[in-house]
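Here is the structure we will look at.
The values are calculated or read from the model by the stated rules, or taken from the named source; none is laboratory data. Computed from a predicted structure; not experimentally measured. Every residue, glycine as well, gets a Cβ built from its backbone with ideal geometry; the counts of neighbours run over all protein chains shown. Protein only, heavy atoms only, side chains kept; ligands, DNA and RNA dropped before computing areas. Shrake-Rupley method; radii C 1.70, N 1.55, O 1.52, S 1.80 Å.
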Amino acid sequence: MSAYPETVVDKILQVTLQSNKFAYLAIDEKGRLVSQGGEISATGMPQWEPGQSILDEALFLSGYVPMSRDYEFIDAYQAGDGPIVDIHLFRDQEQIWIILVDKTSDMEWESAARQKANELRLLQQQTQRQTVTSDQDTDPHTQFDFFESLNMMALRANDDGSFERLEPVSDRFKCLYPESAESARALYPQRKFPFVENFLVDAAEVWEAGDSERRIRSGPWVETDGGCEVALEAIALYWKGNRLLFLEVLDESYRLNQSFLQMGREGVLLNRVLEDEVRKQTREIRAREEEIALRLVCAADSRDDGETGSHIRRLGLYSELIAQHLGWNDADAEEIRIAAPMHDIGKIGIPDHILKKPGQLTESEFEIMKLHPEIGGRILSNSETPLVQMARDICLGHHEKWDGSGYPHGLAGEKIPISARIVAIVDVFDALIHKRVYKNEIPIDQAIALMLEGRGSHFDPKLLDLFIRLKEKMTEIAFDYSNPIGDDLSKAASIIDDIHLLRPGD
Amino acid sequence: MSDAGTGMSKFKVCMLGAFAVGKTSLVQRYVHSIFSERYQTTLGVKIDKKNLQLEGRSIEFILWDLAGEDDFINVRSSYLRGSAGGVLVADGTRAETLDIVFELRDKLYHEVGEVPVILIVNKSDLRDNWTIDSQRLEALRDAGWQVIETSARDSSNVDQAFEILAGRLLALAS
């Protein structure tokens, strides 16, 4: 203290004494009160009588009296609910001095400061947790701030069907769902978005299961917002007792997925257009082939008064029908429809006096007539076209018989190509039920009865059975196509006839 | 379903069909009176609303335009929940889209029962390219189907189709 002027020391004492309450006690070596002064009661000390030992009540002296050191300091001592005091102990030669300084107000201020410091520390820790998003946190309010940056709105379901928004909400949602901008407001997204209303049924299952591992996504849906389309998706999950619903604006991910799907589907559509075009072109080519074949066949057959354009057309249709019921594919069935009419094309090589002879042929004439399958076979030989190959088989085989008694090669059974076995049946059937210059027609049932006589000898028995099962449809063809292209073909035939007539010496 | 407050009858109606048959175009034509030549595939669900007056009654259609069914996407059954009716859409130029309609109708019936449905055969403006023949459609009509041939492009029969469905829904509701 000597370093300070007395005036300064006095001032310090004045300020200190005014702002703090003091008391002092003087005791002897045995703890008996010698003297006391100051604001004893303000320091929480009882009133002692001089000579009275204070050691039993002044517990703070325990261990300090008798004093082994010149000075001791007890910081912020509080007895029960009493005031907080700093205690200074020092001794001189006669007694021990105890100075009590009330620190209650200081401690209250310090406590408040400490409280503030702790609050700041807690706030700091909370902020750190929000950033890290630890799974150990339990308050959903502290978890969802970052959803703003994801264009996602987090909602917690209440028991009354409303939802509580978990802060904050992005500007996109404020525009799309203005009610969500008000933080305290109970929200009903199911009323705003019919899609969400529907989704909440599925969400409820997840929430009721109470399994935090389960979550369900709604799939995308599109809302119209001021003329613009906004793609959204809803996600429901259960998490630490909270029934949570997230609404997410999909933006780029939606557009990306949409463009992938679009590409895939446009590819499918393009393939389909191309396939249709190929089919259409194939049909046109096939139709041209068929027309050319029929016209040529008609021209060849025009020399045979027994054949007509309608006959060859019907033959193709009967054959196609059988092929379809045998399970042939469409292309093969179409081929036999076109090839069957060529069965007698070899007659082009038979002289007129035999071909057009009105009466019965002599044995030698018939031998010549029997050459027409081989002539037709030669005309159609050496082709790599399946259609022409089938036509050749039919030309060569349609007079063969199941039992091997036919001509030209006496083939039997399945050695006769199936196309020829089919045409053998329908050729005879159509000839029997239609009138020719040399014979009258007979009723269909009678024709079938006659043909049954040749079952297993003339005709393939299984094919004949199938043919008979198809009798009704065969009959329809027989009458519906009595002259379908016959007019055109007959015209072509008459033109050919005219050409024949004009040719001298023919 | 009727809103007691407004007296308006609200009906959720699902648009169902194969992809690229014109479901979205029909909704756009019906609700907004617009048509785009550009095919824009739908991913997920688009929801639109249309108010109309029929027989002196107010109706609100909530139209769920569902992504078309194909190898890439199947219609989620949960989307059909609560449907009061269905608009089944086929593309007249693609016969196979009619087969998908039957599958989707079964799916709808399975989810919500036999609610009123109509069959729209769209793209009547391209009738020359149709691969669904009239006999097949007649057979469907004979079998009790409500078949309407429409064009979202030139708007023919679009409003009428939805009004037919609205009439059936109202009749069922009253």
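Here the label points at A:Ile442 and A:Lys356, each 7 Å from Cα along the C-beta direction, are separated by 2.9 nm in the simple model. When the surface is traced with a 1.4 Å probe over the full set of protein chains, A:Cys175 keeps roughly 90 Å² accessible. Against the criterion of solvent-accessible heavy-atom surface with a 1.4 angstrom probe, A:Asp352, A:Asp159 sort, most first, into A:Asp159, A:Asp352.
Placing R0 at 30 angstrom, the Cβ-Cβ distance between B:Arg136 and A:Asp171 gives a FRET efficiency of 0.05 after rounding to 0.05.
Placing a pseudo-label 7 Å from each Cα along the Cα-to-Cβ vector at A:Lys30 and A:Glu472 gives an inter-label distance of 14.1 nm. One chain, two ends: A:Asn382 and A:Leu296. Fully extended at 0.36 nm per residue, the span grows by 29.1 nm beyond their Cα-Cα distance. For segment B:87-174, the relative contact order works out to 30 percent when only alpha carbon pairs closer than 8 Å and six or more residues apart are counted.
Placing unit charges on each Cβ (+1 for Lys and Arg, -1 for Asp and Glu) gives segment B:12-123 a dipole about its Cα centre, and among B:Val45, B:Ser77, B:His32 the Cα reaching farthest toward its positive end belongs to B:His32. Normalised Debye scattering of segment A:305-413 at q = 0.13, 0.16, 0.17 Å⁻¹ gives log10 I(q)/I(0) of -0.53, -0.79, -0.88, counting only Cα atoms as equal scatterers and leaving out solvent.
GNM, chain B, Cα, under 10 Å: largest mean-square fluctuation among B:Ile100, B:Ile62, B:Ile73? Its mean-square fluctuation being the largest, the pick is B:Ile73. Accessible surface buried at the B:A interface totals approximately 2300 Å², computed with a 1.4 Å probe on protein heavy atoms. Counting only heavy atoms of the protein chains and using a 1.4 Å probe, A:Glu476 has close to 100 Å² of accessible surface.
Averaged over peptide B:37-48, the number of partner chain Cβ atoms lying within 10 Å of each residue's Cβ comes to 6.
Listed by chain and number, the lysines placed with their C-alpha closer than 17 angstrom to that of A:Lys357 are A:Lys347, A:Lys370, A:Lys435, A:Lys439; residues fewer than eight positions away on the same chain are left out.
Accessible area of A:Asp276 (1.4 Å probe, protein heavy atoms only, ligands and nucleic acids ignored): about 50 Å².
Here the relative contact order of chain B, from alpha carbon pairs under 8 Å that lie six or more residues apart, stands at 24 percent. Does chain B classify as rounded, prolate or oblate by the C-alpha gyration tensor (a ≥ b ≥ c root eigenvalues; a/c under 1.5 gives rounded; else a/b over b/c gives prolate, otherwise oblate)? Rounded, since a/c falls under 1.5.
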